[in-house]
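Undergrad: Pasting a structure below so you can have a look.
The values are calculated or read from the model by the stated rules, or taken from the named source; none is laboratory data. Since the model is a prediction, treat every value here as computed from it, not as a measurement. Glycine gets a Cβ as well: all are built from the backbone with ideal geometry, and neighbour counts include every protein chain shown. These accessible areas exclude ligands, DNA and RNA; they are computed on the full protein's heavy atoms, side chains included. Shrake-Rupley method; radii C 1.70, N 1.55, O 1.52, S 1.80 Å.
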Amino acid sequence: MQAVTVKTKAELESAKSARCARIIVEGSLADKLKKSKKVAKAGAITIALVTTALATIPFTGGLSMAAAAPVAAMTGFEIAAIIAAASLGLGLIIALFKDYEEVSYVAGKMVLKKKQS
């Protein structure tokens, strides 16, 4: 079984593109993925709301708590989840959790397994 350990967004994108059977995500990236999972599993309408709302927020190098608050109020997501999803990119997390399932998570480490087709 092909397994790869990743610590950066670029490494995660590469592992997903390579269709690795198992991805072990470590460090703060694992924690961001865990927080953003709820956003990835949301319905199409909610994702559209989040995407539209995030697109209207001025980009200042990072999404602030103040900027995320209206999005959180509209969608019911926690501010931390919205910030994590925005930092990773909605497209990446949606695609990732579409193709992979979470096997385990402890702070700083998440194991993902490719779903059977």
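Undergrad: Give me the net charge of residue 19's neighbourhood, meaning all other residues with Cβ under 13 Å from the Cβ of residue 19; Lys, Arg count +1, Asp, Glu -1.
TA: Charge balance near residue 19 sits at +4.
Undergrad: For region 1-44, with all protein chains present and a 1.4 Å probe, just round the carbon and sulfur fraction of the accessible area to a whole percent.
TA: 50 percent
Undergrad: How big is the gap, in Å, between the Cα center of region 7-34 and the Cα center of region 95-113?
TA: 8 Å
Undergrad: Using modelled amide H (1.01 Å from N, peptide plane; none on Pro or chain starts), what sits under 5 Å from the amide H of residue 108, excluding residues fewer than 5 places away?
TA: Result for residue 108 returns 31.
Undergrad: I would also like to ask the following. What net charge do the residues around residue 98 carry, taking every other residue with its C-beta under 15 Å from that of residue 98, with Lys and Arg at +1 and Asp and Glu at -1?
TA: It works out to a net charge of +4.
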